[in-house]
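Below you'll find the structure, written out as structure tokens, and then a few comments.
The values are calculated or read from the model by the stated rules, or taken from the named source; none is laboratory data. Bear in mind that the values here come from a model prediction, so they are computed numbers and not experimental data. As a convention, Cβ positions derive from the backbone with ideal geometry for all residues, glycine included, and neighbour counts pool all protein chains shown.
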Amino acid sequence: MATARDISQSGAPKAVSYSLSASPTATFHSPPSNSFLSGGLPLRIAPKQLKPFNTEDIKILLLENVNQTGRDILTGQGYQVEFMKSSLPEDQLIEKIRDVHVIGIRSKTKLTEKVLREAKNLLVVGCFCIGTNQVDLDYAAKHGIAVFNSPFANSRSVAELVIAEIITLARQLGDRSNEMHRGTWNKVSAKCWEIRGKTLGIVGYGHIGSQLSVLAEAMGMSVIYYDVQSLMAIGSAKQVPSLDALLQDADFVSLHVPETAETKNMMSIKQFEQMKTGSYLINASRGTVVDIPALIKAMRGGKLAGAALDVYPNEPAANGDYFNGSLNHWGDELLGLQNLILTPHIGGSTEEAQRAIGVEVADSLVRYINQGITLASVNLPEVSLRSLTLEEPNHARVIYIHRNVPGVLRKVNEILGDHNVDKQISDSKGDIAYLMADVSDVKAEDIRSIRDSLDSLSSRILTRVLY
Ligand SMILES: NC(=O)C1=CN([C@@H]2O[C@H](COP(=O)(O)OP(=O)(O)OC[C@H]3O[C@@H](n4cnc5c(N)ncnc54)[C@H](O)[C@@H]3O)[C@@H](O)[C@H]2O)C=CC1
Ligand SMILES: O=C(O)C(=O)COP(=O)(O)O
């Protein structure tokens with residue numbers, strides 16, 4: 001059956017997702033085949049007066065132990081919230097995602113095209129983390145699914161972890177501690193260093209890299225950084241022109257780039273060869289950025305004096321025994337190395353960061369679900385109008401997500417032109433455009449007519465009407 005998410009190859013808009021309900025206690029409906037309304041939210045019309053949609057009809061699935069702060073905000077809105085501590089294997093994720101309007105994830109849940117294709121009712125994804133590489137952002141945008149994240153609420157936590165790791169590596173604290181646990185007293189100073197006066201090379205000078213820069217300089221380190229963009233240095237840090245230049249000069253190299261095609265195996269055999277003998281590598285970015293066999297080789301050959309890994313190419317879905325999962329590719333080869341700190345992707349895992357992320361992403365979701373506001377979306381144009389005046393009767397907010405092709409605004413305004421448009425805004429991002437208009441003095445039949453007319457336009461991706 002065609003759904004509201006389909007973009008017809010023929011250009012003809014497809015059917016529709018929700019039923020019209022006049023019942024004051026209506027619950028979520030499965031898409032009826034003969035329904036005549038489309039879009040992401042159930043329409044609710046009370047006799048005589050238009051009513052806002054019912055938040056209780058919204059179904060949300062939260063995976064990966066999203067913080068209580070976010071859960072409280074979402075349940076406080078009256079949405080139906082299902083919470084799970086871990087991520088889900090693909091087959092179970094596909095089953096679950098078919099039914100929900102909103103999904104909240106962290107870095108583990110992969111929302112690929114295959115998964116999103118099944119998400120027939122999905123309006124919006126909340127990434128309760130910084131990275132959005134786990135979501136097919138382009139597919140989501142082309143199907144009118146907004147994606148939000150928290151761009152910097154855990155940056156400080158990651159930077160502090162890296163500072164701890166720099167000192168831990170320089171003083172071989174991990175090995176000394178392990179030895180003490182095994183009953184060995186091993187008091188040594190050989191190849192143990194102060195970090196004062198050493199050079200830290202930061203790869204990727206964004207939110208985390210620049211925070212790290214400030215902390216490292218405060219401890220007496222010299223900072224150099226490499227970034228694809230030309231960025232203002234903080235303090236006395238200096239931008240260098242290439243990764244090679246950074247690797248040749250740095251005593252410690254810390255990676256803070258996103259997962260992209262360009263950053264895959266950014267640190268491989270050639271790059272390790274460029275590094276100073278006795279230097280250290282820290283990766284708290286994404287597991288794909290470091291070629292692990294090349295790292296093992298560099299550590300065994302003495303090129304590196306130590307390394308810290310917080311992220312891995314494949315990470316387990318849940319806490320527990322990982323030996324049967326992702327890390328067994330390298331097994332003893334990796335685990336047997338000296339002065340290698342392994343942590344289970346905890347860079348952003350502090351109370352402060354998780355609480356702040358919970359609030360920030362949940363707030364973005366509520367704004368989008370209730371008001372259609374896309375501010376801070378990572379894949380749709382950022383569009384905002386002041387809050388819908390729900391107190392005023394017979395107002396409606398029309399949201400039209402469409403392909404960015406010539407002539408759409410003229411057609412939309414022909415449709416809206418029969419009504420009193422109080423405010424209107426439109427913006428585009430690549431192939432996708434987002435239009436929002438508030439209309440007043442509309443009755444139920446006007447809304448139905450606006451909706452049907454917008455649905456009949458060949459540019460349509462998704463129509464929502466909120467009131
Ligand atoms: N370990 C953990 O728990 C966490 C890991 N992360 C990871 O850290 C990454 C970085 O986070 P932020 O600093 O917030 O991101 P950001 O977007 O603020 O900064 C990334 C920087 O990398 C630069 N960059 C991109 N491609 C590059 C390339 N090929 N070569 C050199 N520079 C390049 C960008 O220009 C940008 O300045 C995130 O994408 C995420 O994958 C983020 C938070 C927690
Ligand atoms: O914020 C990020 O991108 C992170 O890597 C942290 O991910 P997490 O929320 O711990 O799954």
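Quick one: which residue in 438, 422 is acidic (Asp, Glu), within 17 Å of residue 368 (Cβ to Cβ) and in a strand (DSSP E or B)?
438
At pLDDT below 95 and among the aliphatic types (A, V, I, L, M): is that true of residue 317 in this structure?
So residue 317 passes the test.
Could we say that residue 119 is of a type in the set (A, V, I, L, M) and either under 27 Å from residue 349 (Cα atoms) or without any contact (Cβ under 8 Å) to a residue 24 or more places away in the chain (or both) here?
Taking the combined requirement at face value, the residue does not satisfy it.
Given the conditions (1) within 34 Å of the chain's Cα centre (by Cα); (2) surrounded by 16 or more Cβ atoms within 10 Å (Cβ to Cβ), which single one is not true for residue 448?
(1)
Residues are listed down the side, and each one gets a yes or a no for (1) within 16 Å of ligand 1 (Cβ to nearest atom); (2) surrounded by fewer than 18 Cβ atoms within 10 Å (Cβ to Cβ):
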| position | (1), (2) |
| --- | --- |
| 121 | no, no |
| 129 | yes, no |
| 139 | no, yes |
| 143 | no, no |
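So residue 223 passes all but one of these: (1) part of a strand (DSSP E or B); (2) within 16 Å of ligand 2 (Cβ to nearest atom). Which condition number does it fail?
The single condition residue 223 does not satisfy is (2).
State whether one or more residues within segment 264-271 are farther than 25 Å from residue 132 by Cβ and within 13 Å of ligand 1 (Cβ to nearest atom).
Yes.
Tally up the residues in segment 70-112 that are touching a residue at least 40 places away in the same chain (Cβ under 8 Å), more than 17 Å from residue 368 (Cα to Cα) and buried (at least 17 other Cβ atoms within 10 Å of the Cβ), please.
6
Which numbered condition trips up residue 232, out of (1) touching a residue at least 12 places away in the same chain (Cβ under 8 Å); (2) outside any helix (DSSP H, G or I)?
The failed condition is (1).
Identify all residues within segment 179-207 that are surrounded by fewer than 17 Cβ atoms within 10 Å (Cβ to Cβ), part of a loop (DSSP other than H, G, I, E, B) and not hydroxyl-bearing (Ser, Thr, Tyr); write none if there are none.
182, 183, 185, 186, 187, 188, 190, 191, 192, 194, 196, 197
Suppose we keep only residues that are among the hydroxyl-bearing types (Ser, Thr, Tyr), under 24 Å from residue 194 (Cβ atoms) and crowded, with 18+ Cβ neighbours inside 10 Å within segment 223-257. Which one would you say is nearest to ligand 1 (Cβ to nearest atom)?
225
With under 25 Å from residue 125 (Cβ atoms), free of Cβ contacts under 8 Å to residues at least 60 places away in the same chain and surrounded by 15 or more Cβ atoms within 10 Å (Cβ to Cβ) as the only criterion, which of 379, 404 stands out?
Of 379, 404, the one residue that is under 25 Å from residue 125 (Cβ atoms), free of Cβ contacts under 8 Å to residues at least 60 places away in the same chain and surrounded by 15 or more Cβ atoms within 10 Å (Cβ to Cβ) is 404.
Just checking, does segment 141-155 include any residue being within 30 Å of residue 237 (Cα to Cα), in contact (Cβ under 8 Å) with a residue 12 or more places away in the chain, hydrophobic (A, V, I, L, M, F, W, C) and touching an Asp or Glu at 6+ places or on another chain (Cβ under 7 Å)?
yes
Go through (1) in a helix (DSSP H, G or I); (2) closer than 20 Å to residue 394 by Cβ; (3) in contact with a helix residue (DSSP H, G or I) (Cβ under 8 Å, 6 or more places away or on another chain) and name the single condition residue 448 misses.
(3)
Give the residue that is farthest from the chain's Cα centre (by Cα), with candidates limited to residues of segment 119-161 that are more than 9 Å from ligand 2 (Cβ to nearest atom) and of a type in the set (Val, Ile, Thr).
Looking at the filtered set, the residue picked out is 145.
Considering every residue within segment 165-173, establish whether at least one is modelled with pLDDT of 95 or more, away from ligand 2 (no atom under 16 Å from the Cβ), surrounded by fewer than 22 Cβ atoms within 10 Å (Cβ to Cβ) and over 24 Å from residue 202 (Cα atoms).
no
Of everything in segment 341-387, what is within 14 Å of ligand 1 (Cβ to nearest atom) and acidic (Asp, Glu)? Give them in sequence order.
Of everything in segment 341-387, those that are within 14 Å of ligand 1 (Cβ to nearest atom) and acidic (Asp, Glu) turn out to be 352, 360.
Residues are listed down the side, and each one gets a yes or a no for (1) out of contact with any helix residue (DSSP H, G or I) (no Cβ under 7 Å at 6 or more places or on another chain); (2) more than 12 Å from ligand 2 (Cβ to nearest atom):
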| position | (1), (2) |
| --- | --- |
| 341 | no, yes |
| 348 | no, no |
| 358 | no, no |
| 371 | yes, yes |
